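The values are calculated or read from the model by the stated rules, or taken from the named source; none is laboratory data. None of the values given here were measured: they were computed from a predicted structure. We place every Cβ from the backbone using ideal geometry, glycine too, and count neighbours over all the protein chains shown.
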């Protein structure tokens, strides 16, 4: 059976990955909560952000963590523009259309990456790539520890922003009652685009924390997109606390499942959870049934 | 009846094609267009007529492909006998996915995501199990005889895919003119009202996904015979699911000729870009993605819808 000495580091590893998953899922759940759309292109946009971090490092020698002030506003601007000029226009008020439009966006982004940067898997070398931190006897790689705390910090900032700022209030108002928000003078289209932008800004931050211990290739987003959806439905569509908890659960399940069943079969655990949640409890852990 | 005659004339014309054209390139283009039409017809039955958008039709395609390939490789069964078996297997997977998701009332985006997840589960399983050859895939033994569903020239394959597409056309036509088709479109337009009028929405949707999956599996079995090879990514990867949904959306959802129009337009576009930009990886799918966004934004009723609008405007 599994020794505790293997299981413990595996759980810790899962938690560090889970924190980044949670950050990615937060972006997705924010977009869903406000716009009531499923952003199918979330994974592909994460891939674009990862390439952004990669090229900033490769061409300008910028450290991935120092890339945060570039990537977060950059992804925000991309998200704002996408919602305003592409996705918003394609919807015609039907959910299916948005799903198809974001599927189209995924195809464009993924294959643009394949065309422009080829299918090579790329990684970056930093002074701390191979260093480790001793956490209660388990050796965890430094970038993963940084990612854990960085993702948590980013999440805290996002939650404080949503709770305290005027824009955050507007976002919550639109999420709860679109018509009412319009009546009290909120520019709903602007809030939509802002929410989409903030959702992608989460991806920009996640990419900066991921890349030192991860890799990028044109297909890298595929793996993340279903994981992010699983977390979001697990936690309840639109629930921030749910996304956070869901992220940790999925991170640990993936890590421990991989230990048991091997890398390729370990992924099945996530999809089985996803299918089971969708079938039996689509409102998730925290979501209320509507 | 006009539609029915049009279908028969069209298929008759294609059937005569090998008598006049011997160019392998042209015949291959026609075969691939009909093959894309078949996948589109399968998706269109569930999504266009039934309103259930699947993102994972590869689950049915791949099951059909593997059912046929595995039976030939492991048990030496004749490929012609494998075709109905593949259709039954694909339809069974369709029944399973449909029964689970429709029983729990999954609609819209949720249904799309759950079908995608099923396709991914199948892909990972096919990648890890010996029976499907793992990541290496299965190579169908070369026999090169019509009795084994492997033809010397292209013409034989053309007749097979034409027959399958004709079946798809007739199914679509039947949906347009039968009581069952009316139930299905009623469920698409408003499930609650349809149920209130006594339509068993669950059963109607389940039947639609079974028909759709069976047709898709036939496409998978044809693919295996034509290319003689299948692997997890080809069978269950997202490319097949996208190919199935793109045609009907471009051509016109929920119409009899939409999948054909879309498939032909996309093949034309694909050839055009290949000539202009070479065979660089990713180019064709990138353009397909842009076409998908453009169609949803500007022509939600497809090319067919555009024709109808123009015809209505003409005096």
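For the reader, a short list of remarks on this structure follows.
- Among (1) in contact (Cβ under 8 Å) with a residue 60 or more places away in the chain; (2) in contact with a helix residue (DSSP H, G or I) (Cβ under 7 Å, 6 or more places away or on another chain); (3) surrounded by fewer than 24 Cβ atoms within 10 Å (Cβ to Cβ); (4) more than 22 Å from residue A:218 (Cα to Cα), the one test that residue A:54 misses: (4)
- Any pair with Cβ under 9 angstrom, 6 or more apart, that starts in region A:1-29 at a residue that is within 13 Å of residue A:224 (Cβ to Cβ) and ends at one that is part of a loop (DSSP other than H, G, I, E, B): A:20/A:214; A:27/A:39; A:28/A:38; A:28/A:39
- If you go through region A:81-90 and keep only what is surrounded by 20 or more Cβ atoms within 10 Å (Cβ to Cβ) and more than 8 Å from chain B (Cβ to nearest Cβ), you end up with A:82, A:83, A:87.
- Matching option when the condition is over 25 Å from residue A:146 (Cβ atoms), at pLDDT 90 or above and more than 14 Å from every other protein chain (Cβ to nearest Cβ), among A:191, A:216: A:191
- Residue satisfying condition, being closer than 18 Å to residue A:19 by Cα, touching a helix residue (DSSP H, G or I) at 6+ places or on another chain (Cβ under 7 Å) and free of Cβ contacts under 8 Å to residues at least 60 places away in the same chain, within set A:145, A:133: A:133
- Subset of region B:38-90 [over 25 Å from residue B:184 (Cα atoms) and in a loop (DSSP other than H, G, I, E, B)]: B:76, B:77, B:78
- Residue A:175 vs. criteria over 27 Å from residue A:8 (Cα atoms), more than 10 Å from chain B (Cβ to nearest Cβ) and crowded, with 16+ Cβ neighbours inside 10 Å: yes
- Selection within region B:56-70 - within 15 Å of residue B:212 (Cβ to Cβ) and at pLDDT 95 or above: B:57, B:58, B:59, B:60, B:61, B:62, B:63, B:64
- Among residues of region B:254-298, those that are within 14 Å of chain A (Cβ to nearest Cβ) and either under 16 Å from the mean Cα position of the chain (by Cα) or closer than 26 Å to residue B:177 by Cβ (or both), counted: 3
- Conditions (1) modelled with pLDDT of 90 or more; (2) away from chain A (no Cβ under 14 Å): number failed by residue B:145: (1)
- So residue A:105, is it part of a helix (DSSP H, G or I), at the interface with chain B (Cβ under 8 Å from one of its Cβ atoms) and at pLDDT 90 or above: yes
- Hits in region B:24-48 (condition: surrounded by 24 or more Cβ atoms within 10 Å (Cβ to Cβ) and either farther than 16 Å from residue B:227 by Cβ or without any contact (Cβ under 8 Å) to a residue 24 or more places away in the chain (or both)): B:37, B:40, B:41, B:42, B:43, B:44, B:45, B:46, B:47, B:48
- Which listed residue is surrounded by 19 or more Cβ atoms within 10 Å (Cβ to Cβ) and closer than 23 Å to residue B:200 by Cβ, from B:138, B:171: B:171
- Residue match in region A:259-271 (condition: within 13 Å of chain B (Cβ to nearest Cβ) and within 20 Å of residue A:99 (Cα to Cα)): yes
- Of residues in region A:226-256 being over 13 Å from residue A:18 (Cβ atoms) and more than 9 Å from chain B (Cβ to nearest Cβ), the one surrounded by the fewest Cβ atoms within 10 Å (Cβ to Cβ): A:241
Every residue, every condition in (1) in contact (Cβ under 8 Å) with a residue 60 or more places away in the chain; (2) surrounded by fewer than 22 Cβ atoms within 10 Å (Cβ to Cβ), yes or no:
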{"residue": "B:189", "(1), (2)": "yes, yes"}
{"residue": "B:224", "(1), (2)": "yes, no"}
{"residue": "B:233", "(1), (2)": "yes, yes"}
{"residue": "B:237", "(1), (2)": "yes, yes"}
{"residue": "B:250", "(1), (2)": "no, no"}
{"residue": "B:263", "(1), (2)": "yes, no"}
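- Residue satisfying all of: in region A:91-102; at the interface with chain B (Cβ under 7 Å from one of its Cβ atoms) and part of a helix (DSSP H, G or I); surrounded by the most Cβ atoms within 10 Å (Cβ to Cβ) among these: A:101
- Selection count, region B:119-134, where residues are surrounded by 23 or more Cβ atoms within 10 Å (Cβ to Cβ) and either facing chain A (nearest Cβ under 7 Å) or at pLDDT below 85 (or both): 1
- Selection status of residue B:35, closer than 24 Å to residue B:150 by Cβ and touching a helix residue (DSSP H, G or I) at 6+ places or on another chain (Cβ under 8 Å): yes
- In region A:83-96, the residues that are at positive phi form Cβ pairs under 8 Å with partners that are in a loop (DSSP other than H, G, I, E, B), at six or more places apart or across chains, as follows: A:92/B:300.
- Among (1) in contact (Cβ under 8 Å) with a residue 24 or more places away in the chain; (2) more than 21 Å from the chain's Cα centre (by Cα); (3) closer than 19 Å to residue B:294 by Cβ - the single one residue A:114 does not satisfy: (3)
- Residues of region B:264-315 satisfying the condition of being at positive phi and either in contact with a helix residue (DSSP H, G or I) (Cβ under 7 Å, 6 or more places away or on another chain) or assigned to a helix (DSSP H, G or I) (or both): B:282, B:302
- Flag if residue B:48 is within 11 Å of chain A (Cβ to nearest Cβ) and either at pLDDT below 95 or touching a helix residue (DSSP H, G or I) at 6+ places or on another chain (Cβ under 9 Å) (or both): no
- Residue that is farthest from the other protein chains (Cβ to nearest Cβ) [pool: residues in region B:91-113 that are part of a helix (DSSP H, G or I) and under 15 Å from residue A:95 (Cβ atoms)]: B:111
- Of the helices (runs of 4 or more DSSP H) lying entirely inside region A:178-273, those containing at least 2 residues that are more than 12 Å from the chain's Cα centre (by Cα), touching a residue at least 40 places away in the same chain (Cβ under 8 Å) and more than 28 Å from residue A:78 (Cα to Cα) span A:240-261.
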